[in-house]
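What follows is a short report on a single structure.
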Amino acid sequence: GADWVQERQGALHPSKPPREVAQDFLANPHPELPELETVVTTPVFTAWGQLVTAAGYDQPSRLWYAPAPGFSLGPLPDTPTDSEVEAALRILTEDLLVDFEFAAESDQAHALAALLLPFVRRLIDGPTPIHLLEAPTPGSGKSLLADLIAIVTLGRSSEATTVTRNEDESRKKLTAILSRGHPVVVIDNVQGGLESAQLAAAITAERWSDRILGKTQMVEFPNRALWLVTGNNPKLSMEIARRCVRIRLEPQEERPWERTRFKHNPIRGWAREHRTELVRALLTLVQSWLAAGRPAGAKTLGAFETWAATLGGILHHVGVRDFLADTAEF
């Protein structure tokens, strides 16, 4: 490392490096310079099943763990008991997700899969699908559910974006999104249909490459995000549809946005207040599965086989049913 200083009035003061030096470092990085893939605000499992809990840079996984203020996980049991697994499932299903009116058990299973994915993404060798949050009417809770997933994962709401029908613009936007290394990407309130060939390509790409705007230089970024798309009965191209798992909400009320009775209201505030418990619950489910020898799920999804084996295995191990049960219907 180097400390940059500048002499002013006969004394040395801390200073930024000259712009030319910074540009040289970026253009010609030292081969031994540690690579940074992303910054995470919650403990995550590495590709070899180790939980990263120490704040700072973790060189083997190339990530920087920066816990949010006040977040303290505490020790996690190597082999959680049945009662610990049951308690973890209860806080997730009977508190966090209890007021969402899922159309079927498979929809709740896929919501749990979306919550789990950011914590186990490095255990999955290959791409992961879009989690499509859909409903028949506005006000059903799609955007709220996407927001809660982001709050648990990031400690804050995720910035939502849109995808246009202009493929060139979509490509540029996807490059900008992936360049930031965000663990959660939300494409909110899809109007009409979703037919982007660029999005379809990005979802199944383990690494996304593109040309820097205004230059001939190519850049490449890993695709490790959880992709969430929300919409009211969206029409999907076949290329997009086969890259999706469905989380459908079907409220029983004629005007779901007028509903007032909830277990935790407002749920966003409750999730922020209890985030440590929610994260601990998700990590407990994963740790139980790891201790059992990582049993693979029985059902699969084309192009996302490792994702299906991993998430399906975790959910089946902890007693969650109907993962990928609606694939043919969807």
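Before moving on, here are some points about what is shown:
- Residue in the range 152-160 that is assigned to a helix (DSSP H, G or I), of a type in the set (Lys, Arg) and closer than 24 Å to Trp257 by Cα present: no
- Pair list, Cβ < 7 Å and 6+ apart or interchain, from the range 281-292 residues that are over 13 Å from Leu51 (Cβ atoms) to residues that are modelled with pLDDT under 95: none
- In the range 133-156, residue farthest from Leu96 (Cα to Cα) [restricted to those that are touching an Asp or Glu at 6+ places or on another chain (Cβ under 8 Å) and open to solvent by less than 40 Å² (accessible area, probe 1.4 Å)]: Ala135
- Residues of the range 163-175 that are of a type in the set (Ser, Thr, Tyr) and either crowded, with 22+ Cβ neighbours inside 10 Å or closer than 15 Å to Ile240 by Cα (or both): Thr164, Ser170.
- Hits in the range 181-239 - residues which are within 18 Å of Ser143 (Cβ to Cβ) and free of Cβ contacts under 8 Å to residues at least 12 places away in the same chain: none
- Verdict on Val186 being surrounded by fewer than 17 Cβ atoms within 10 Å (Cβ to Cβ), touching a helix residue (DSSP H, G or I) at 6+ places or on another chain (Cβ under 9 Å) and assigned to a strand (DSSP E or B): no
- Qualifying residues in the range 202-218 (those that are open to solvent by 30 Å² or more (accessible area, probe 1.4 Å), part of a strand (DSSP E or B) and not hydroxyl-bearing (Ser, Thr, Tyr)) - the one nearest to His110 (Cα to Cα): Arg207
- Of the listed requirements (1) open to solvent by less than 30 Å² (accessible area, probe 1.4 Å); (2) closer than 24 Å to Asp125 by Cα; (3) charged (D, E, K, R), Asp322 misses just one: (1).
- Tabulated pairs, the range 37-59, first over 24 Å from Ser288 (Cβ atoms) and among the aromatic types (Phe, Trp, Tyr), second modelled with pLDDT of 90 or more and open to solvent by 60 Å² or more (accessible area, probe 1.4 Å), C-beta under 9 angstrom, 6+ apart or interchain: Tyr57/Trp64
- In the range 80-94, the residues that are over 18 Å from Gly293 (Cβ atoms) and without any contact (Cβ under 8 Å) to a residue 60 or more places away in the chain never reach a residue that is of a type in the set (D, E, K, R) and open to solvent by less than 30 Å² (accessible area, probe 1.4 Å) with C-beta atoms less than 6 angstrom apart, at least six apart or across chains.
- Thr310 being in contact (Cβ under 8 Å) with a residue 24 or more places away in the chain, open to solvent by less than 20 Å² (accessible area, probe 1.4 Å) and among the hydroxyl-bearing types (Ser, Thr, Tyr): yes
- Annotation note: of Leu226, Leu199, Leu178, Leu249, the sole residue that is crowded, with 21+ Cβ neighbours inside 10 Å and out of contact with any strand residue (DSSP E or B) (no Cβ under 6 Å at 6 or more places or on another chain) is Leu199.
The values are calculated or read from the model by the stated rules, or taken from the named source; none is laboratory data. Everything quoted here is computed from the prediction, not taken from an experiment. Virtual Cβ from ideal backbone geometry, glycine too; neighbours counted across all protein chains shown. Remember, those area values only see protein heavy atoms, side chains included, never the ligands or the DNA or RNA. Shrake-Rupley method; radii C 1.70, N 1.55, O 1.52, S 1.80 Å.
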